[in-house]
Every structure is written in structure tokens, then in C-alpha cells.
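Written out below as C-alpha cells is the structure these notes cover.
The values are calculated or read from the model by the stated rules, or taken from the named source; none is laboratory data. Computed from a predicted model, the values in this text were never measured in an experiment. Because the Cβ atoms are built from the backbone with ideal geometry, glycine has one as well, and the counts that use them run over all protein chains shown.
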Amino acid sequence: MRATDVSELEQGGDPARLAIENALRKARAASRVHAREVVLGCDTIVVLDGVIYGKPPDAGAARRMLSALAGRTHEVLSGLAVLLPVERAGVVERAGVVERTALARSKVSFRALDGELLDWYVATGEWRGRSGGYAIQGEASKLVRAVEGEQENVVGLPLAALLELYPQLLSHR
């Protein structure tokens, strides 16, 4: 894993396109010039009524986001980008790298959340650095009523979409 310092786009267009663009930006930033490696970038965006709910900067913003999601169904979009060296992609490309992208969609329904439950969850601090202000694989699982679609997408890495994008991951070589 190679961390990047890429600023994520959170506003200004189609949320699906932003998720893919952010994934591409992360993958490009992580790739090394002339390296013969496969690079994966992923970005997850939470969307409700066309509004993107990014990573809350503080506890107050986290509480407001969670209040907006409470008792409602929102969409979780994950953009994936895989950068492949030409010889792994099986195509001829002048730049030496082939870029493939995909998008995964899931719907998450939250329970109605009262003030006490919101205060408890915000106090856990789990919302830090999380799109929409929650981490479904942790304590936020108590806030969720249902997930429609791939749960791994909501956690952050949609495996089914990744395997469709880069099926060579299944090879035993």
C-alpha cells in the first residue's frame, strides 16, 4: 500500500464521475514512472438527494451529516481505477500504462436516529476520515437498517467490481 496526498474532489458534477476521477487521481499519484506494477486506486462517496457527503471536518459536521442520513436511504458510490503495465493488459499502448475504471453502487438505509444515539456515535470518533461520517464495519453497523448491493462497497473496496475490472487477481500465479 502506498499512501498518496491527493486532494479529493467532493463537489462540482456527477457524483459517479467524481468517484472515478478521485480513484484515477489516487492511482496515478501512487504509480511510479517506469515501474512494471499494477496500481489500484479507490474512492468512496456518500450521496443523498444529489448532495455529496464527504469526510466531516469535526464532530459537529459529523452529527449534521448523520442527522441528514437518519431514517433515509442513501447511495454509496465507489470509483475504482486500475493502472496496468502494457504487458499485463495484453494491449499495445504508447504510454506504457492502460487505465481501467469501474463504479460500484450500493444503497444504505439508516434507522431513525435520536439525539442520544447520534451523540454516542459521534463520541466514538469513528466518523473521522469517513465519507458520510460513518464506518459501517464498526460501531456504525448499529445505525444501519439495511444494505442493498455489495456490502464490501460500503466498507470501501468493492471486490466484485474489482474482479470484473481486473480478473487476473483470481489467477494462482
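Overview of results
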| item | result |
| --- | --- |
| Criterion violated by Glu152 - all others in (1) out of contact with any strand residue (DSSP E or B) (no Cβ under 8 Å at 6 or more places or on another chain); (2) of a type in the set (Asp, Glu); (3) within 18 Å of Val76 (Cα to Cα); (4) at pLDDT 95 or above satisfied | (4) |
| Output for region 25-68, where each listed residue is touching a Gly at 6+ places or on another chain (Cβ under 6 Å) and surrounded by 20 or more Cβ atoms within 10 Å (Cβ to Cβ) | Lys26, Ala27, Asp43, Thr44, Val46, Tyr53, Pro56, Ala62, Met65, Leu66 |
| Cβ-Cβ under 6 Å pairs, at least 6 apart or on other chains, region 39-64 side within 19 Å of Leu157 (Cα to Cα), far side among the acidic types (Asp, Glu) and surrounded by 18 or more Cβ atoms within 10 Å (Cβ to Cβ) | Val47/Glu75 |
| Selected residue [under 18 Å from Leu40 (Cα atoms), touching a Ser or Thr at 6+ places or on another chain (Cβ under 8 Å), at pLDDT 95 or above and not aliphatic (A, V, I, L, M)] from Ser109, Ser78 | Ser78 |
| Yes/no for Ile136 being without any contact (Cβ under 8 Å) to a residue 40 or more places away in the chain and surrounded by 17 or more Cβ atoms within 10 Å (Cβ to Cβ) | yes |
| Residue check for Ala135: out of contact with any strand residue (DSSP E or B) (no Cβ under 9 Å at 6 or more places or on another chain), within 12 Å of Gly156 (Cβ to Cβ) and not in a helix (DSSP H, G or I) | yes |
| Test: residue in region 115-128 that is touching a residue at least 40 places away in the same chain (Cβ under 8 Å), surrounded by 13 or more Cβ atoms within 10 Å (Cβ to Cβ), within 15 Å of the chain's Cα centre (by Cα) and assigned to a helix (DSSP H, G or I) | no |
| Of the criteria (1) touching a Lys or Arg at 6+ places or on another chain (Cβ under 7 Å); (2) of a type outside the set (Lys, Arg); (3) under 24 Å from Ile136 (Cβ atoms), which one Tyr53 fails | (1) |
| Pairs where the first residue, in region 149-166, is hydroxyl-bearing (Ser, Thr, Tyr) and the second is surrounded by fewer than 16 Cβ atoms within 10 Å (Cβ to Cβ), C-beta under 8 Å, 6+ apart | Tyr166/Arg100 |
